[in-house]
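**Q** Can you keep this structure in mind? I'll have questions shortly.
No lab work stands behind these numbers, since they all come straight from the coordinates. The structure displayed is predicted, hence computed values, not measured ones. Every residue, glycine among them, receives a Cβ derived from its backbone with ideal geometry; neighbour counts consider all protein chains shown.
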Amino acid sequence: MLILSSSATFIHFVRIYRAPKSVVAAIALAVLSLCFSTSTHACEFKNVHFKTNFEAGKIDQCKQLSENQFELLSKPENRPINPSPWYAFKVVNKSTENQQISIIIKGEKAKPRYLPKMSIDGKQWQALPFDIIDNAIHINVQLQQQDFYIAGQEVIDNAFYAQWSQTLAKESGFKLQALGMSTEGRGIDALVHSTPENKEWLLIVGRQHPPEITGALALISFVQELATQQQLNTDFLSRFNVMIIPNLNPDGVANGNWRHNTKGADLNRDWGKFTQVETQQVQAWLNKTLVEQQRLVFALDFHSTQQDIFYTMPSDYAVAAPTFSEDWLKQLKEATVSSFTVRPSPGTSPGRGVFKQFLADEYNIHSITYEMGDNTNRELITHVAQTAAQTLMRKMLSVEPEQFIYKPSPSDLD
Ligand SMILES: [Zn+2]
């Protein structure tokens with residue numbers, strides 16, 4: 001049952017997840033068997049087993065330092081890489097006695113980025129007390145007879161997206177569409193809302209970078225708001241077509257990658273180059289869809305970083321409508337709670353293969369890299385995402401179709 005209320009995204013996540021379908025179970029089982037590697041055996045000790053045989057599970061090496069102290073190491077998929085050491089593992093008490101252990105979590109040649117959280121069921125998570133000593137996370141945990149997970153953020157895996165997308169498609173006018181397959185054979189899916197009369201497209205992508213969970217949470221709330229059957233949505237969807245690719249890097253998600261896809265490529269440095277199957281599938285969709293009168297008018301790309309920030313194209317860049325992003329973010333600022341800071345950051349990154357830069361150069365449109373802080377309050381992420389969806393729909397409806405079409409000024413033609 002898809003919850004489209006105004007309650008927290010995290011609650012949506014939990015509730016949706018608690019209604020698994022057999023297909024999801026089948027996917028989970030298949031992935032479970034795929035992911036079981038020899039490295040998990042290396043993490044089995046006399047009294048405790050650290051398991052990573054689940055989607056997004058990630059620990060590469062384990063060491064017993066003393067009777068009750070263990071050191072766990074996460075290594076990046078390849079280098080060079082942005083230092084975002086992801087970790088996710090299940091702690092299994094092999095003793096019939098309860099025991100207290102201390103766990104040291106290290107990222108290879110990287111400072112910790114993600115603060116430890118624990119979960120019994122993999123759905124409801126809570127923060128764990130920790131210390132940082134010499135760039136390693138130190139935690140003490142009590143092992144009882146029930147297994148539990150420890151991870152850097154809430155785990156949002158491919159099975160979640162499959163379930164969530166199916167439910168959303170069933171309960172809204174959005175259609176679930178297979179875009180293609182990843183390198184390791186996982187489906188890359190899209191949620192599409194379109195009618196032949198509509199010519200203007202909004203494009204939304206997410207999860208280019210696997211561990212960026214707060215961006216994923218924002219996308220989930222944003223999209224649910226777009227799909228809610230209210231007057232605003234009805235008006236919006238009767239003028240605009242929408243293409244959503246919530247999880248562009250399913251291999252990276254399954255493998256617990258720090259940033260890249262399974263080929264070791266940063267997808268958000270591949271736009272325009274299109275050397276990777278994931279970006280190639282979006283390129284193929286763009287080329288197939290944007291024909292005749294069909295055109296892209298705006299795009300959003302959801303990520304996470306140290307702080308909440310909205311990377312925009314400058315208003316004087318060759319994009320239409322010129323001040324669209326600036327104006328929308330002002331409206332978002334007015335509509336969100338005062339404890340949230342809407343921080344716009346206009347800029348360009350020519351030739352670097354970044355999504356928003358590619359769209360600006362190729363289609364002369366605004367797009368925004370929507371970044372949520374790693375530690376931003378989850379209720380706030382939901383509030384901001386829902387408000388962002390509402391204000392964006394209003395803003396886009398207020399712009400005349402021809403204002404979205406870029407017209408070079410005479411000086412640009414010199
Ligand atoms: Zn990112």
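**Q** Work out the length of the dipole vector of the chain about its Cα centre, built from +1 on the beta-carbon of each Lys and Arg and -1 on the beta-carbon of each Asp and Glu, and round it to the nearest 20 debye.
**A** Working: 38 positive and 42 negative charges, 144 e Å.
So the dipole magnitude of the chain works out to roughly 700 debye.
**Q** Could you pull out the pairs from Lys123/Lys395; Lys51/Lys111; Lys175/Lys395; Lys123/Lys199; Lys175/Lys407; Lys356/Lys407 whose alpha carbons sit more than 31 Å apart here?
**A** Numbers: Lys123/Lys395 35 Å; Lys51/Lys111 23 Å; Lys175/Lys395 24 Å; Lys123/Lys199 39 Å; Lys175/Lys407 33 Å; Lys356/Lys407 19 Å.
Violating the 31 Å limit, Cα to Cα: Lys123/Lys395; Lys123/Lys199; Lys175/Lys407.
**Q** Tell me, in nm to one decimal, what length is gained between Gln280 and Lys175 on full extension, where the rule is 0.36 nm per residue of separation less the Cα-Cα distance? Working shown, then result.
**A** On the way: separation 105, 0.36 × 105 = 37.80 nm, distance 2.12 nm.
Net length gain for the segment: 35.7 nm.
**Q** I would also like to ask the following. What residues have an amide H closer than 5 Å to that of Arg259, excluding those fewer than 5 places away on the same chain, when H is modeled at 1.01 Å from N in the peptide plane?
**A** Those lying under 5 Å, H to H, from Arg259 are Glu77.
**Q** Sequence-distant or interchain residues sharing an amide H contact under 5 Å with Phe174, placed H: which?
**A** Those qualifying (amide H under 5 Å, at least 5 residues apart or on another chain) number zero.
**Q** Using a 10 angstrom cutoff on alpha carbons, build the Gaussian network for the chain and name the most mobile of Gln163, Gln64, Gln146.
**A** Of Gln163, Gln64, Gln146, the most mobile in the Gaussian network model is Gln146.
**Q** Between Gln124 and Gln61, what FRET efficiency follows from the Cβ-Cβ distance if R0 is 41 Å, with the result rounded to 0.05? The partial results should precede the final answer.
**A** Working: r = 29 Å, r/R0 = 0.71.
That pair, Gln124 with Gln61, gives E of 0.90.
**Q** If you line up the long axis of helix 378-398 against the longest principal axis of the chain, both from Cα atoms, how many degrees apart are they, to the nearest 10?
**A** Approximately 10 degrees, to the nearest ten.
**Q** Going by average Cβ density within 10 Å per residue, which order do the peptides 91-100, 136-145 take, highest to lowest?
**A** Top of the packing list down: 136-145, 91-100.
**Q** Something else about it: Could you pull the Cα extents of region 36-151 along its three principal axes, largest to smallest, in whole Å?
**A** Extents along the principal axes, in whole Å: 44, 31, 30.
**Q** Same structure again: What is the spin-label model distance, in nm, from Ile139 to Phe45 if the labels are put 7 Å beyond Cα along the C-beta direction?
**A** 1.5 nm
**Q** In region 98-134, which trypsin sites (Lys or Arg not before Pro) fall in coil by DSSP and have 16 or fewer other Cβ atoms within 10 Å? Intermediate results must be reported in sequence, preceding the final value.
**A** On the way: sites: Lys106, Lys109, Arg113, Lys117, Lys123; in loops: Lys109, Arg113, Lys123.
Counting only loop positions with at most 16 other Cβ atoms within 10 Å, the trypsin sites (Lys or Arg not before Pro) in region 98-134 are Lys109.
**Q** Sorted from largest down, give the three principal axis spans of the alpha carbons of region 158-410, whole angstrom values.
**A** 46, 42, 37
**Q** Right, another one. Figure the gain on full extension for Asp147 and Lys111 (residue separation times 0.36 nm, minus the Cα-Cα span) and round it to one decimal in nm.
**A** Details: separation 36, 0.36 × 36 = 12.96 nm, distance 2.76 nm.
Separation in residues times 0.36 nm, less the Cα-Cα distance, equals 10.2 nm.
**Q** Residue-wise, which Karplus ³J(HN,Hα) couplings in Hz belong to region 164-169, taking 6.51 cos²θ - 1.76 cosθ + 1.60, θ = phi - 60°, and x for glycine or proline?
**A** Values per residue, Gly and Pro as x: 5, 5, 4, 5, 4, 5 Hz.
**Q** Moving on to the next point. Share of antiparallel DSSP beta bridges in the chain, in percent to the nearest 5? Walk me through the numbers before you get to the answer.
**A** Details: 43 of 74 bridges.
For the chain, the DSSP antiparallel bridge percentage is about 60.
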